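One structure below.
What follows is calculated from the coordinates using simple rules that are stated; it is not laboratory data. Keep in mind it's a predicted model, so treat the numbers as computed, not measured. Reconstructed Cβ throughout: ideal geometry from the backbone, glycine too, with neighbour counts over all protein chains shown.
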Amino acid sequence: MSLLSKIPRPLHGDVVVRREPCRICGTGDGKRIGVVDYWDIRTSSVIQCGHCGLAQLDPMLTHEETAKGCLAYYIEESLRVTQHEHERNLVRNYRRGIHFAHTLKRRGANPKDVLEIGPGSGYFLEGIKAVFPEITITVMDVNKEILDFNAQQHGYRTIQATLEEHNASLDARFDLIIARDILEHVVDVAAVIKNLSAYCRKGGLFHFITPNGHEDVWKHYLTFTDLHENSELLINHVNYFDGKGLCDFLGTQGFTPVEYYTYRFKTSLKGKGWKRAAKLRAAVSKKLEADPFVNDRIHDVQEMSFNKKKVLSAWYLRNPDGTLARLVCAFHHGYLLTLDPFHNVGHEIHGIFQRN
Ligand SMILES: [Zn+2]
């Protein structure tokens, strides 16, 4: 028997009536596979839709709840991650951008107008710009600090909005849309993808990465089924995608896969998605209090500033479009081993889809 016929293991749970219908397909019931506490802000079930395969928080977080928890998480992370680690992450994202841009080049794509939702530091886009210097860049986020950082550091055009809101002035404006590690966070994923489909020109590309939902939800599933306890959710992963369900939904929104695969299998080998082991469980919830945490710690957060030239001063990045940079970036961020996401095996899903 091949390994892939053993993993992943299907998730079992009682079928329950949902508080809110599935955001993708509208189904009113689903399998209860976990219960999470998002800080002390909200307790939700994790319900997997039997129709489209998407697992989601039910009830879903509101935008206000998300903002509150995100601030608490941002502070927690800022106090944990050093300036040096931050800078290393910027370089990594820059290299990933270079690597991705060369993937596009090989495919004959030559994007002119790019939109990234949830751009983070913006260094992934800087990597793309190093290869396509003529590109114009717009970033959209709900968080003003992130947008200010992107404007100051890189000079990008910024739009402050919730991603679920449709902005008709952006329709058919972009030939490349990027959503890296953001789809798992949004409260209404169907609305977001519908908007992106509208913003994308015919023939344009949509690139995303998002965790393989089956492995991502596994920790909550184990805590729920082994211990019958609520688990702790500090970072707002509210959508857990099924590889087939996500592809099918994108298909209904006018997107056809160009590249679609999962990558990074260390976590799969360790048992995520198939093995019942105590160390794979999510922590039992302590209902960490978001407000007191924010009030106590916000003053400890140091304002970080980055000197872009210094951050990107590595010798191999002197000519970012050159062979050397391309090789180093491919070495660090190319994946030799990939699988069809329909297997739901692997840490992360990578997609490049074309708008019909
Ligand atoms: Zn569904």
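Quick check: from the Cα gyration tensor, does region 8-120 come out rounded (a/c under 1.5), prolate or oblate?
Cα axes put region 8-120 in the oblate bin.
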Legend entry - Residue-averaged [θ]222 nm for the chain, counting only DSSP H segments that reach four residues, each worth -39500 (n - 2.57): -11000 deg cm²/dmol
Legend entry - Packing-based order for 226-238, 160-172, using average beta carbon neighbours within 10 Å, highest first: 226-238, 160-172
Inset, instruction - Sort by residue number and report every cysteine in the chain with no other cysteine beta carbon within a distance under 4.7 Å. - result: C70, C200, C247, C329
Legend entry - Label-point gap, in nm, between E134 and I235 - each point 7 angstrom along Cα→Cβ: 3.7 nm
Inset, instruction - Give the shape of region 62-139 as rounded, prolate or oblate, defined through the alpha-carbon gyration tensor: a ≥ b ≥ c are the square roots of its eigenvalues, a/c under 1.5 means rounded, and otherwise the shape is prolate if a/b is larger than b/c and oblate if not. - result: oblate
Inset, instruction - Could I have the simple spin-label model distance between E145 and K244, label points 7 Å from Cα toward Cβ, reported in nm to one decimal? - result: 4.2 nm
Inset, instruction - Pull up the cross-link candidates among the lysines for K129, meaning alpha carbon to alpha carbon under 18 Å and not fewer than 8 places away within one chain. - result: K105, K112, K308, K309, K310
Inset, instruction - Take the alpha carbon atoms of region 1-50, find their center, do the same for region 168-214, and report the distance between the two centers in whole angstrom. - result: 23 Å
Legend entry - Those lysines that a straight Cα-Cα span of less than 18 Å connects to K272, excepting residues fewer than 8 apart in one chain: K6, K219
Legend entry - Estimated inter-spin distance, A277 and K309, nm [label 7 Å along Cα→Cβ]: 4.8 nm
Inset, instruction - Just the Kirkwood number for region 3-355, please: inverse of mean 1/r across all distinct Cα pairs, in Å, one decimal. - result: 21.1 Å
Legend entry - Residue order, fewest to most beta carbons within 10 Å, for M60, M140, M304: M304, M60, M140
Inset, instruction - Calculate how steeply helix 189-199 sits against the longest principal axis of the alpha-carbon atoms of the chain, using the helix alpha-carbon long axis, and give the answer as 0 to 90 degrees to the nearest 10. - result: 20 degrees
